[in-house]
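Working notes, structure below.
Since every read-out is calculated from the coordinates, none of them should be taken as a lab result. Values in this document were obtained by computation on a predicted structure and should not be read as measured data. All Cβ positions, even for glycine, are placed from backbone atoms using ideal geometry, and neighbour counts span all protein chains on display.
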Amino acid sequence: MKKLKILIFSSSFLPKAGGLQYELKWYLDTLDRWTEQALDYEFSFVYPGLEAAPYSQFKNIESFGLNFDEYSNGSRFATLSAILRLRRVIKSVRPDVVHCNAVLPDAGWVYLATLGLRNPPKLVVTSHGQDLVRLPEFNYGTRLNRSLNRMIKFVAKRVHKHVLPSEALGEFADEIHSDRDRVVVIPNGIPLRDEPDFEAEATGTEITSGLVANEGLRYLSLSSGRPIKNLQVLVDAFAKERDFLGESRLVLACDGPSAGHIRDKVNDLGITDQVDFIGEVRGSEKQEVFEAADIYCQVSHFENCPVSLLEAMKFKAAIIASDVGGVPELVTDEVNGLLVDQKNVESVRRALRRVYEDVTLRQSLVENGQERVDNYSMIQTVKRYTEVYRSVV
């Protein structure tokens, strides 16, 4: 069997923190180990710039940097320079397949970089939500821009396989595809058991999460704080229930400009003594925060296939999540989590109290979550993607 050459490209990578970046790093690390036995594959990785270089070194995967962060990000000169460097890498590696992690800019760059090549590679794209979803009420989605929407539709028609991490993205994919046969669903995965986890393997990390010792439960939420994450409703619900939750605390790991509005709301509600803002957490810090949490709350207006819910199951936190997007594909109501109406403060409030008062329910949600997350190991994700690579060739 011919050795298949796969080039993986992402214009966004660590140290930028987010579900996409963590998912891709876990995927590459697992792929790097798996490649030692899979002799019929050869992998390369193209990362954006110098900041990502320390996270892009592998034993069996050759890496190339675009030096994109050497310039003013977003400028036409920086983008053109990156595309030209990407073209040189593709001509040098001569991959059979290029796998990107967004229709725009990633697949768009690959399309431009391969124009005029005699044997251009097949194109596989994974959409993580931002490039497909349109939610104007929350100013969310690249396709809200008319010009970018047209570009996404143009590029998507030239994709050989379009991977969606959840069935929920299907309706948005239908808006840009004329051929649904090119769409395949592969859920996100996380490292389980002995699978490589760069966060767990980090050494010398000082734990500075700032968690306050308490006798009650910890309700945790990891979020950017943007309007689509809906932290206002979570804070409102916690404020209404504070007198019934004993010494419990709400732990908000959010950062960025939007976090200031949430702080103001907490102050206005008079619950600063029960809410901890711990900022962005990563590596050993993130694992410590998850392990210390009793309940994980995610009441967003939309989610694709959130790895944070999988991590919550892994680290034995009961889940409260909104019944939107791909969440019901991960969480079955009353089985491994409680699904709530994210627009209804009372729905969230009732769930907060139920998991506090009903110890049996809380333990059941945790145990069932542990069982459910076994279906989302990263090695399974790797095997599904390699089947896709082989199918397009």
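Listed values, structure above:
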{"read-out": "Residues that are in contact with a helix residue (DSSP H, G or I) (Cβ under 6 Å, 6 or more places away or on another chain) and within 19 Å of Tyr356 (Cβ to Cβ), drawn from region 316-329", "value": "Lys316, Ala318, Ile319, Ile320, Ala321"}
{"read-out": "Hits in region 136-160 (condition: closer than 16 Å to Leu112 by Cα, assigned to a loop (DSSP other than H, G, I, E, B) and either among the hydroxyl-bearing types (Ser, Thr, Tyr) or under 22 Å from the mean Cα position of the chain (by Cα) (or both))", "value": "Val159"}
{"read-out": "Qualifying positions in region 15-32 - under 18 Å from Gln57 (Cβ atoms), among the aliphatic types (A, V, I, L, M) and either surrounded by fewer than 17 Cβ atoms within 10 Å (Cβ to Cβ) or within 12 Å of the chain's Cα centre (by Cα) (or both)", "value": "Leu24"}
{"read-out": "Residues of region 171-203 classified as out of contact with any Ser or Thr (no Cβ under 9 Å at 6 or more places or on another chain), closer than 19 Å to Leu20 by Cβ and not hydrophobic (A, V, I, L, M, F, W, C), total", "value": "1"}
{"read-out": "Residue satisfying condition, being assigned to a loop (DSSP other than H, G, I, E, B) and crowded, with 20+ Cβ neighbours inside 10 Å, within set Phe302, Phe290", "value": "Phe302"}
{"read-out": "Entirely in region 1-116, the helices (runs of 4 or more DSSP H) that have 2 or more residues that are of a type in the set (Asp, Glu) and touching a residue at least 40 places away in the same chain (Cβ under 8 Å)", "value": "19-34"}
{"read-out": "Verdict on Gln274 being touching a residue at least 40 places away in the same chain (Cβ under 8 Å) and surrounded by 17 or more Cβ atoms within 10 Å (Cβ to Cβ)", "value": "no"}
{"read-out": "Residue within region 340-363 that is more than 24 Å from the chain's Cα centre (by Cα), farther than 17 Å from Ser221 by Cα and β-branched (Val, Ile, Thr) present", "value": "yes"}
{"read-out": "Check on Glu285, part of a helix (DSSP H, G or I), under 23 Å from Glu195 (Cα atoms) and either within 18 Å of the chain's Cα centre (by Cα) or touching a residue at least 12 places away in the same chain (Cβ under 8 Å) (or both)", "value": "yes"}
{"read-out": "Test result for Arg180, in contact (Cβ under 8 Å) with a residue 40 or more places away in the chain and not polar (S, T, N, Q)", "value": "no"}
{"read-out": "Residue in region 245-257 that is part of a helix (DSSP H, G or I), touching a residue at least 24 places away in the same chain (Cβ under 8 Å) and either surrounded by 17 or more Cβ atoms within 10 Å (Cβ to Cβ) or of a type outside the set (Gly, Ala, Ser) (or both) present", "value": "no"}
{"read-out": "Search result, residues across region 123-172 that are without any contact (Cβ under 8 Å) to a residue 24 or more places away in the chain, closer than 23 Å to Val98 by Cα and of a type in the set (A, V, I, L, M, F, W, C)", "value": "Phe154"}
{"read-out": "Matching residues, region 316-335, being closer than 22 Å to Leu250 by Cβ and either part of a strand (DSSP E or B) or touching a Leu at 6+ places or on another chain (Cβ under 8 Å) (or both)", "value": "Ala317, Ala318, Ile319, Ile320, Ala321, Ser322, Asp323, Val327, Val331"}
{"read-out": "Of all residues making up region 222-237, the number that are part of a strand (DSSP E or B) and either of a type in the set (S, T, N, Q) or surrounded by fewer than 23 Cβ atoms within 10 Å (Cβ to Cβ) (or both)", "value": "1"}
{"read-out": "Scope region 33-59; condition under 26 Å from Arg88 (Cα atoms), surrounded by fewer than 18 Cβ atoms within 10 Å (Cβ to Cβ) and not aromatic (Phe, Trp, Tyr); matching residues", "value": "Leu39, Asp40, Leu50, Glu51, Ala53, Pro54, Gln57, Lys59"}
